[in-house]
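A short worksheet on the structure shown next.
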Amino acid sequence: MSAEAKTQPHAVAASCVFDGDVVHRDAAAVVVADRIDSIVQRAQLAADLPVYELPNGAWLVPGFIDVQVNGGGDVLFNDSPTAETVRKIAAAHRRFGTTALLPTLISDSPAKMSSALAAVEELSADPSIVGVHLEGPFLSPEKAGVHDPRHIRSPTAEDLELITRPRRGVTLVTLAPEQVPPDFIDKLTTAGVRVALGHSMATYAQTKQAIAAGLTGFTHLFNAMRALDSREPGPVAAALECADVWFGLIVDGVHVAPAMLRLALRGRGRPMLVSDAMPPVGGTSATFTLNGTKISVTDGRCARQDGRLAGSSLDMASAVRNCVQWLDVPLTEALRFATANPAQFLGLADDLGKLAPGWRADMVAIDPKTVEVYRTWVAGEGD
């Protein structure tokens with residue numbers, strides 16, 4: 001596409017346009033360059049404006065934002081933390097409506113951490129890569145999950161300098177508050193790093209202290225953290241009672257029982273759909289290797305041979321669909337879990353998560369009944 005064509009105003013028309021707040025019927029999004037110019041009724045479109053017509057009944061909605069993506073398209077970020085790997089992962093997930101994501105590095109060596117951060121920095125011109133997620137290695141050995149215990153450790157001064165070094169985009173760190181120095185979270189958040197609790201045995205009191213220090217997220221709530229208990233409510237209770245935090249939910253029917261997910265949605269915290277995706281998403285193989293161990297996807301369950309879960313084979317469109325079908329969440333609310341809420345968590349809510357004038361033209365065309373993705377646009381460019 002020529003530079004002139006990219007800046008040429010055009011519109012995408014649909015039976016319904018959900019702008020993040022309101023459903024506009026028989027409407028269109030007018031796009032200029034990489035931005036939404038306006039949402040108008042189809043009848044108001046200028047006669048000479050190029051219009052892409054979606055299938056009858058289709059909805060046009062904001063692009064999905066996934067803050068936890070380990071792999072996709074048969075590649076794993078840990079295996080090769082390079083810009084090319086990230087491009088392949090993003091392309092695989094775009095098919096399922098993900099227009100912005102954080103490639104996620106599972107606990108690894110300092111050298112791999114440095115390479116991962118450099119790879120994302122190299123992609124500063126790619127609008128779909130909005131930052132990086134370091135899931136570990138400052139985690140609880142008791143809640144390691146499939147993270148390699150050889151890499152789980154306490155942070156060093158060198159780690160702090162590396163993570164807080166100025167760079168483009170969002171840096172998100174998942175850690176166990178009880179495993180880091182008392183001032184570590186404050187130092188990260190003061191430098192602009194987003195911090196989430198995960199793979200943790202933190203008590204309720206320790207979790208509240210971490211929130212007071214600036215922690216605002218919870219990575220895959222319920223999974224790999226101290227369980228909710230009547231006398232030690234732990235991180236889960238803190239996440240659900242605090243209105244100023246966001247928590248990730250893996251709605252794949254495997255990680256968390258629907259009844260527990262419905263309970264979480266009654267809390268004050270803000271839910272985000274995440275995929276925790278592994279290489280099979282958008283790929284051709286149902287198996288891959290993690291830390292030298294074979295992982296297989298069987299009946300939607302991504303696990304080692306001993307049954308331990310190892311990420312998921314979930315995509316964001318399926319996560320939205322499962323919210324509607326299994327949790328009785330209205331489609332508009334499920335869409336917010338995949339768009340506006342993660343945008344707010346990442347500090348990007350003035351640019352992503354809505355279809356509004358001035359916001360980036362990240363859009364997804366879906367069937368509202370099945371959440372099948374018809375087409376995806378990133379910064380105004382469609383697949």
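The values are calculated or read from the model by the stated rules, or taken from the named source; none is laboratory data. Computed from a predicted structure; not experimentally measured. Every residue, glycine as well, gets a Cβ built from its backbone with ideal geometry; the counts of neighbours run over all protein chains shown. Please note that ligands, DNA and RNA were not included when accessible areas were found on the heavy atoms of the full protein model with its side chains. Shrake-Rupley method; radii C 1.70, N 1.55, O 1.52, S 1.80 Å.
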Dipole axis of the range 260-383 (+1 Lys, Arg; -1 Asp, Glu on Cβ), positive-most option in T284, Q305, L335 = Q305
A correct Karplus calculation of ³J(HN,Hα) over the range 29-34, with 6.51 cos²θ - 1.76 cosθ + 1.60, θ = phi - 60°, whole Hz and x for Gly and Pro, returns 9, 8, 10, 10, 6, 9
FRET efficiency, R231 to R301 (Cβ-Cβ, R0 30 Å, nearest 0.05) = 0.40
Once V22 and A47 are pulled to full extension, the length gained, defined as 0.36 nm per residue separation minus their Cα-Cα distance, is 6.5 nm
Does a label point 7 Å from the Cα of A212, set along Cα-to-beta-carbon, have any residues of the range 185-199 with amide nitrogen under 18 Å, and which are they?
-> 185-190, 197
DSSP beta bridges in the chain [antiparallel fraction, %, rounded to 5] = 50
Rounded to 0.05, the calculated FRET efficiency for the beta carbons of S38 and T332 at R₀ = 22 Å is 0.60
SASA check, L215, accessible area w/ 1.4 Å probe, all protein chains in place, rounded to nearest 10 Å², comes out at 0
Partners for K88 among aspartates and glutamates (Cα-Cα distance below 19 Å; same-chain residues under 8 apart left out) | D66, D74, D79, E121, E122, D126, D276, D315, D362, E381, D383
With a cut-off of at most 16 other beta carbons within 10 Å, and DSSP calling the residue loop, which trypsin sites (Lys or Arg not before Pro) in the range 228-315 qualify? Please list them.
-> R231, R266, R268, R308
Two pseudo-spin positions, 7 Å from Cα along C-beta at T156 and at T293, lie apart in nanometres by 2.6
Among V320, Y52, G145, whose Cα sits farthest toward the positive end of the charge dipole of the chain (+1 at Cβ of Lys/Arg, -1 at Cβ of Asp/Glu, about the Cα centre)?
-> G145
The range 154-198: trypsin sites (Lys or Arg not before Pro) falling in loop per DSSP and having at most 15 other Cβ within 10 Å = R168
Could you run the Karplus curve 6.51 cos²θ - 1.76 cosθ + 1.60 with θ = phi - 60° over the range 357-362 and give me ³J(HN,Hα) per residue in whole Hz, x for Gly and Pro?
-> x, x, 6, 5, 7, 9
For the range 210-330, what is the relative contact order in percent, using Cα pairs closer than 8 Å and at least 6 residues apart in sequence?
-> 21
Which trypsin sites (Lys or Arg not before Pro) does the range 51-115 hold that lie in a coil by DSSP with at most 13 other beta carbons within 10 Å?
-> none
Choice from T339, T82, T190 showing the highest fluctuation, given a GNM over the chain with Cα pairs closer than 10 Å | T190
Where the Cα atoms of the range 257-383 are projected onto their three principal axes, how long is each span, largest first, in whole Å?
-> 50, 36, 30
Going 7 Å from the Cα of A286 in the Cα-to-Cβ direction, what parts of the range 65-93 have a backbone nitrogen less than 17 Å from that spot?
-> 73-74
Measure out, as a whole number of angstrom, how far apart the alpha-carbon centroids of the range 324-356 and the range 271-300 sit.
-> 24
Rounded to the nearest 5, the percent of DSSP beta bridges in the range 29-114 running antiparallel is 60
First compute the accessible area of the range 1-129 with a 1.4 Å probe, then give the percent of it belonging to carbon and sulfur atoms.
-> 52
Spelling it out for Y374: with amide H atoms placed in the peptide plane at 1.01 Å from N, the residues 5 or more places away or on another chain with amide H under 5 Å from its amide H are A365, I366, D367
